[in-house]
Structures are given as C-alpha cells and as structure tokens.
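Presented below is the structure to which this report refers.
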Amino acid sequence: MRALGTVLLACAIVSACAQVQGSELAEVNASLQAGEADKALALLAPIVQQDANNAAAHNLECRVWLTEGQLDAAIGECQKAVTLEPDNSYHHLWLGRALGEKADHANFLSAYSLAKRVRGEFEEAVRLDPRNAEALASLGEFDCSAPGIVGGGLEKAEDVAAQLERLDPPRGHELRAYIAEQRKDYPEAEREFKRAIAVGPHPSYQWMALASYYRRRQRWDDMVAAVRSGAAAAHRDRRAVVSLFNGASTLAKANRELPLAAKLLEDYLASRDKTEEAPAFVAWAQLARLKDQLGDQQAAAQDLATATAMAHNYRPGLVPRH
C-alpha cells in the first residue's frame, strides 16, 4: 500500500507540474501574441532551464526569435522542438517557416540548400497532419514561387490548391490566384482573389490580399479601395484585426495614402487582439517610419522607443530618417 501511495503521489506531482508548466507556457504565448518579445523570452528562460526537453517551450522560443528577425536562433530552437517531437506537424511547419525566412536573406548557394529543407519541412508537416491548412497553404505558396530545381512548381501548387480548397476555401482560392499571377493570367488571378473574398468568413484578410495584388500590378486606385474595404470589414471582425496591419504595410510599400496607413496601424495597436503574425513592436516601428515621413519626428522617436522597449533584439531597419 505504501508503494501504491508513493506512485499516486508521484503521479500527482507530475500532473501538478504539467498544469503549472502549461499555465506558464500560456503566459509566454500571451506575451508573444501581444508583441512583448523581451517578456516572453524572460518567461521562457526558467522553463527551458528546468526542462530542456520541453518541445513546446522550444517551439515558442523559436517563434519569438522569428518575430524579432533573429533567424539563426529561431532555426536552432525550432530544430530542437522537431527533434524532441518529430511527429508534431506544427513543429515542422514552424521550422519550415524559419528556414524560409533564412533562405529569403541568404546568398544563392545557401538559399538553394535551404529551399530544399523548407519544402521538406512543409511536406512533412502535411504528411503528419493532412488537415493542417496552415501547412498546406505554406507548401502551396512555396511550390508557387520556387523553381522545380528545389522542389517547387506550379503543377505541384495546383495539387495543393485542390486539397486546400476542401479544408479552407478562401486560402484555396488565394493560392489559385497566386498560381494564375505566376502564369501572368492576371484576369483569372483577380477573379480568384475576389472568389476568396466571397467565400471567406473573415473577408478582411482576402481584401488585403487583393490590395497587395493591385499594388504589384500598380493599380493604385483599386489598391486603396481594396484596403478601405478590408479595413471596414476588419473593424467589424475582432478575429481579423491583424488585416489592418497588412493593409497598412501594403500602403506603405506603395507610398500611397500614408495618413491612412498610420491610422490603420494605430487602430491595430489599440486592439486587444494583436497576434504574432504582426508583432506589435514591428507595428510600432512601422508607425515610427510613417510618422517620420509625415513630418512628426518627435512622435516617430517615441514610437520607435516603444518598439525597442518591447523587443530590444529587433533590428527593423526602420530608424526614422532625418
């Protein structure tokens, strides 16, 4: 009986530790979503020190480093998560994303070898969970943009689009739009973006994707109109508030309607529904750049200081110009 009691006590301790660790990781994730990178890393340090085999903690740390653009650190942590839990689809997805960012900033030879690894991780994520729509979308986007020599190709992207349409119709139509754009079938690309808007439960995302397409086609009036439509939809949909950031980024890249871009960023930052997809410190840094362009250097400096206070490792390359 004493042995049984010891076993039960041990099980209770393990369960309690798991609950505590779960709540601690939830706090880390909340900080990550809020864009508080420094806080998230500070919370993670004792967790990883206590349990170096905590795959979820390594995945979270990877994602924090990824938001800050610290790609080598991100890849290292995501690789640890994959090694510890090789059957976790999302761990492979995030490693693929980190490697993809590295490839985008690498020289030709390095990008070539990295690109093969990127596709491999996305493909594994899909194999482990064929219903992982995020992994399918990432795989499809890779195939759409990468040449066949590294495993990409439009025919492969079409196969992924067919799978994606069954799981996530808006993303499926978006992928078909990118495929059509690669083929220079611009009317079909526009139709597919609009189909994505029509079927999406959160159409502001698809409006901003259409706006980005119009930017690439230099259709400035259509771009601005799409951003405004997306912003109106986002203000009615808390789950899609991140699209305000996307719209602001599109306007900033086009150097059009900068006061509107700044307003969209301010609205995003005022929301309680921020996400790691658009880190708050990145939004503050972009807002600083816009305010500097609009002639408010004092506000620009304050916004940049806010960004730095949230993520001191972030190197945005968006220092206000004087």
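Only the coordinates and a few stated rules stand behind these numbers; no lab work does. The structure displayed is predicted, hence computed values, not measured ones. No Cβ is skipped: glycine too gets one built from the backbone with ideal geometry, and neighbour counts run over all protein chains shown.
Note on THR250, THR83, THR275: ascending count of other Cβ atoms within 10 Å places them as THR83, THR275, THR250, the fewest first. When the charge dipole of segment 203-271 is built from unit charges on Cβ atoms (+1 for Lys and Arg, -1 for Asp and Glu) and taken about the Cα centre, the candidate among ALA211, SER271, SER243 whose Cα reaches farthest toward its positive end is ALA211.
With a cut-off of 9 Å between beta carbons, the residues surrounding LEU251 carry a summed charge of +2, where Lys and Arg count +1 and Asp and Glu -1. Note on the chain: dipole from Cβ charges, positive end direction compared against CYS144, LEU66, ALA42; the farthest Cα belongs to CYS144. Each of TRP94, TRP284 was scored by other Cβ atoms within 10 Å of its Cβ. Listed from fewest to most, they are TRP284, TRP94. From the Cα gyration tensor of segment 214-319, with a ≥ b ≥ c the square roots of its eigenvalues, which class applies: rounded if a/c is under 1.5, or else prolate if a/b is larger than b/c, or else oblate? Since a/c reaches 1.5 but b/c is at least a/b, the shape of segment 214-319 is classed as oblate. Apply 1/(1 + (r/R0)^6) to the Cβ-Cβ distance of ARG219 and SER145, taking R0 = 25 Å, and write down the FRET efficiency to the nearest 0.05. For ARG219 and SER145, the calculated efficiency is 0.75.
Simple point charges give the picture: +1 on the Cβ of Lys and Arg, -1 on the Cβ of Asp and Glu, and for segment 203-271 a dipole about the Cα centre of about 200 debye. Approximating the spin labels as points 7 Å out from Cα along Cα→Cβ, the THR83-to-GLU266 distance works out to 4.8 nm. Segment 138-181 and segment 285-315 have Cα centres lying 36 Å from one another. Listed from fewest to most Cβ neighbours within 10 Å, the set HIS312, HIS92 follows the order HIS312, HIS92.
Using a ≥ b ≥ c from the Cα gyration tensor of segment 130-200 (square roots of the eigenvalues), is it rounded, prolate or oblate, where a/c under 1.5 gives rounded and otherwise the larger of a/b and b/c decides, a/b for prolate? Oblate. Residues considered: TYR268, TYR112, TYR178. Largest GNM mean-square fluctuation over the chain, using C-alpha springs under 10 Å, is found at TYR112. With the charge dipole of the chain set up from +1 on Lys and Arg Cβ and -1 on Asp and Glu Cβ about the Cα centre, the Cα lying farthest toward the positive end among the listed residues VAL282, GLY76, ALA26 is that of VAL282. Under 26 Å between alpha carbons: how many lysine pairs meet that in the chain, if sequence neighbours fewer than 8 apart on the same chain are excluded? Eligible lysine pairs with Cα atoms under 26 Å apart amount to 24. How would you classify the chain from its alpha-carbon gyration tensor, with a ≥ b ≥ c the square roots of the eigenvalues: rounded for a/c under 1.5, else prolate if a/b is greater than b/c, otherwise oblate? Taking the square roots of the gyration eigenvalues as a ≥ b ≥ c, the chain is oblate. In the chain, excluding the sites themselves, the longest stretch lacking any of the trypsin sites (Lys or Arg not before Pro) that are in a DSSP loop with at most 12 other Cβ atoms within 10 Å is 1-130. Helical content of the chain, expressed as a calculated mean residue ellipticity at 222 nm, amounts to -25500 deg cm²/dmol (DSSP H runs of 4 or more residues, -39,500 (n - 2.57) each, divided by residue number, nearest 500). Between ARG228 and ALA309, the simple label model (points 7 Å from Cα in the Cβ direction) yields a spacing of 3.5 nm.
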